[in-house]
Amino acid sequence: HRFTMNLDETKQSRKLIELYDYEKRKSFYWNRIDHTEKGFSEQKEEHDIKLWSQDPMSLLYYLRVVNLPKNKGETIKMPVILDGKQWESVMTFDRKEKVSVGSRDFQANVYKLENFQNGELKNKDNTIWISDDEHRYLLRIEAKVKVGSFAIALDRIL
């Protein structure tokens with residue numbers, strides 16, 4: 001499996017490739033940054049990973065098929081690979097809420113998401129809304145990142 005990312009920002013460009021070998025339980029990480037002020041840097045690493053680890057994008061699809069908690073305070077833990085390194089995401093059921101997408105209303109399960117690396121909390125205050133039906137649409141995501149926060153909301157369903 002492979003995860004790639006190409007960023008072109010004002011002061012830097014970045015190319016990232018992560019390869020996952022689940023049979024050997026290894027990730028291979030390559031990160032290349034070309035910064036206008038700091039110059040060029042390249043990083044190559046290999047890390048051990050847990051079985052069923054997901055990259056950040058595949059985790060969003062995985063949430064649509066895994067058994068998620070539906071009672072206040074219940075959690076599910078999922079192994080995640082970020083920047084080639086092993087993390088653990090913990091989703092906690094928070095509440096039910098009505099969410100509108102276009103002209104449709106959905107009953108949604110709302111989850112709080114925390115991310116840990118080596119047992120240490122590294123990222124919190126994230127929220128995910130998933131429709132409480134057979135489709136399990138990802139209706140909204142709010143997340144904190146190093147430079148602030150972002151929100152993604154489903155606009156319509158075709």
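Inspect all residues belonging to segment 41-52 and state whether any of them is without any contact (Cβ under 8 Å) to a residue 40 or more places away in the chain, open to solvent by less than 30 Å² (accessible area, probe 1.4 Å) and small (Gly, Ala, Ser).
Within segment 41-52, none of the residues are without any contact (Cβ under 8 Å) to a residue 40 or more places away in the chain, open to solvent by less than 30 Å² (accessible area, probe 1.4 Å) and small (Gly, Ala, Ser).
Can you name every residue in segment 14-40 that is open to solvent by 40 Å² or more (accessible area, probe 1.4 Å) and in contact (Cβ under 8 Å) with a residue 40 or more places away in the chain?
Listed by number, the list holds a single entry, 28.
In the list 110, 65, 80, which residue meets the criterion of being among the β-branched types (Val, Ile, Thr) and either in contact with a Lys or Arg (Cβ under 7 Å, 6 or more places away or on another chain) or modelled with pLDDT of 95 or more (or both)?
110
I need a count of the residues in segment 100-131 that are in a loop (DSSP other than H, G, I, E, B) and in contact (Cβ under 8 Å) with a residue 40 or more places away in the chain.
Residues meeting the conditions: 1.
Considering segment 89-118 alone, what residues qualify as being farther than 19 Å from residue 74 by Cβ and open to solvent by 70 Å² or more (accessible area, probe 1.4 Å)?
Across segment 89-118, the qualifying residues are 98, 100, 103, 104, 105, 118.
Taking the condition of being under 20 Å from residue 115 (Cα atoms) and either more than 19 Å from the chain's Cα centre (by Cα) or not in a loop (DSSP other than H, G, I, E, B) (or both), how many residues in segment 27-53 meet it?
Counting residues in segment 27-53 that are under 20 Å from residue 115 (Cα atoms) and either more than 19 Å from the chain's Cα centre (by Cα) or not in a loop (DSSP other than H, G, I, E, B) (or both) gives 4.
The values are calculated or read from the model by the stated rules, or taken from the named source; none is laboratory data. Note that the structure is predicted; figures quoted are calculated from it, not measured. Neighbour counts run over all protein chains shown; Cβ positions are idealised from the backbone, glycine included. For the accessible areas, the whole protein counts, side chains as well, though only heavy atoms, and no ligand, DNA or RNA atoms are used. Shrake-Rupley method; radii C 1.70, N 1.55, O 1.52, S 1.80 Å.
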